[in-house]
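The values are calculated or read from the model by the stated rules, or taken from the named source; none is laboratory data. Not measured: the values here are computed from a predicted model. Positions of Cβ are generated from backbone atoms using ideal geometry, with glycine treated the same way; all protein chains shown enter the neighbour counts. Side chains included, ligands, DNA and RNA excluded: accessible areas come from the protein's heavy atoms. Shrake-Rupley method; radii C 1.70, N 1.55, O 1.52, S 1.80 Å.
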Amino acid sequence: AQSVSQHNHHVILSEAASLELGCNYSYGGTVNLFWYVQYPGQHLQLLLKYFSGDPLVKGIKGFEAEFIKSKFSFNLRKPSVQWSDTAEYFCAVSLEDYKLSFGAGTTVTVRA
Amino acid sequence: NAGVTQTPKFQVLKTGQSMTLQCAQDMNHEYMSWYRQDPGMGLRLIHYSVGAGITDQGEVPNGYNVSRSTTEDFPLRLLSAAPSQTSVYFCASSKTSGEQYFGPGTRLTVT
């Protein structure tokens with residue numbers, strides 16, 4: 001079975017700091033990759049996705065992610081975080097069968 | 001479009017009670033799914049459907065039933081609630097592989 005690992009359980013940083021969240025998956029075939037965000041009290045929203053093509057993808061709110069096939073990784077980055085980026089972030093992977101496998105999530109707390 | 005809607009938003013059940021969580025989407029998506037979210041475990045797939053009349057089990061199906069009589073609706077039934085089913089439940093839909101749209105969730109407590 002496929003698995004998705006997120007390296008950090010909780011990240012705390014100050015406004016304007018840079019953010020990088022790690023994500024690794026175990027499947028060796030063709031995958032679709034996603035990052036979702038869940039703001040406090042809200043449902044999951046898609047931040048960005050990778051299906052094919054340029055491995056550096058840009059999403060909403062200044063986030064980007066890089067797909068490195070040789071490392072089975074899809075790390076999320078943001079150069080300068082804001083207090084409003086406080087949320088839980090989930091990496092997810094899907095195969096051809098539409099089913100999403102999620103990582104355990106990383107809680108990001110941004111201090112003003 | 002309302003997107004994906006879920007009812008109720010909150011529910012408290014006693015052990016052994018049954019109930020149905022409702023999910024509907026108005027985007028004409030073929031694929032629908034139910035997840036439960038528990039702290040430190042991310043979202044785990046309970047059941048999913050690739051179209052009306054077709055359902056299948058996900059990672060954690062025990063204690064839950066689903067049906068898909070129409071494209072729009074995908075209810076989740078708890079047959080006999082247990083405290084281990086205390087969780088937040090999310091319904092999602094998708095037209096293509098993987099990019100799923102999530103509902104607002106149902107917070108369920110079983111006492």
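About the Cα centre of chain A, how large is the charge dipole given +1 on each Lys and Arg Cβ and -1 on each Asp and Glu Cβ? Please answer in debye to the nearest 20.
So the dipole magnitude of chain A works out to roughly 60 debye.
Compute the accessible area of each residue in region B:21-52 twice, once for its chain alone and once with every protein chain present, using a 1.4 Å probe on heavy atoms, and list those whose area falls by at least 40 Å².
Residues of region B:21-52 that lose at least 40 Å² of accessible area once the other chains are added: B:Tyr31, B:Gln37, B:Gly40, B:Leu43.
Over 25 Å between C-alpha atoms is what I'm after, so list which of A:Lys58/B:Lys95; A:Lys49/A:Lys78; A:Lys78/B:Lys9; A:Lys78/A:Lys99; A:Lys49/A:Lys71 land there.
Violating the 25 Å Cα-Cα cut-off are A:Lys78/B:Lys9; A:Lys78/A:Lys99.
When only Cα pairs under 8 Å and 6 or more residues apart are kept, what is the percent relative contact order across chain B?
Reported as a whole number, the value is 36 percent.
Please compute the length gained on full extension between B:Ser67 and B:Leu79, using 0.36 nm multiplied by the number of residues separating them and subtracting their Cα-Cα distance.
Here the segment from B:Ser67 to B:Leu79 would lengthen by 3.0 nm.
Provide the per-residue ³J(HN,Hα) series for region A:34-41, in order, calculated from phi with Karplus coefficients 6.51, -1.76, 1.60 and θ = phi - 60°, each as a whole number of Hz, with x at glycine and proline positions.
Going residue by residue, I get 9, 10, 10, 10, 10, 6, x, x Hz, with x marking Gly and Pro.
Report relative contact order for chain A in percent, whole number only (criteria: Cα-Cα under 8 Å, sequence separation at least 6).
38 percent.
Of the heavy-atom accessible surface of region B:5-90 (probe 1.4 angstrom), what whole percent is carbon and sulfur?
So the carbon and sulfur contribution to the accessible surface is 52 percent.
Could you calculate the FRET efficiency of A:Glu66 with B:Gln57 from 1/(1 + (r/R0)^6), where r is the beta carbon distance between them and R0 is 45 Å, rounded to 0.05?
Plugging the Cβ-Cβ distance into 1/(1 + (r/R0)^6) gives 0.85.
What part of the accessible area of chain A, given as a whole %, is carbon or sulfur when the probe is 1.4 angstrom?
51 percent
Rolling a 1.4 angstrom probe over the protein heavy atoms, how many square angstrom per residue are accessible across region B:21-111?
Per residue, region B:21-111 has an accessible area of 39 Å².
Buried accessible area for the B:A pair, summed, 1.4 Å probe, in Å² rounded to 100?
Details: alone 5800 and 6220 Å², together 10370 Å².
Approximately 1600 Å² gets buried when B meets A.
Indicate the residues belonging to region A:17-41 that lose 10 Å² or more of solvent-accessible heavy-atom surface (probe 1.4 Å) upon moving from the chain alone to the assembly of all protein chains, ignoring ligands and nucleic acids.
Checking the loss per residue gives A:Asn32, A:Phe34, A:Tyr36, A:Gln38.
Whole Å is fine, so just give me how far the alpha carbon centre of region A:2-74 lies from that of region B:59-111.
Between the Cα centres of region A:2-74 and region B:59-111 lies a distance of 24 Å.
Accessible area per residue for chain A in Å², computed with a 1.4 Å probe and the full protein assembly in place, what is it? Could the numbers behind the result be given before it?
On the way: 5410 Å² over 112 residues.
I get 48 Å² per residue for this part.
Cβ neighbours within 10 Å, averaged per peptide: list B:71-78, B:88-95 in order, most packed at the top.
Per-residue Cβ counts within 10 Å, averaged per peptide and sorted highest first, yield B:88-95, B:71-78.
Averaged across A:98-111, how many Cβ atoms of other chains sit within 10 Å of each residue's Cβ atom? Intermediate results must be reported in sequence, preceding the final value.
Numbers: counts 13, 11, 13, 5, 8, 3, 6, 6, 0, 2, 0, 0, 0, 0.
Going residue by residue through A:98-111 and averaging, the value is 5.
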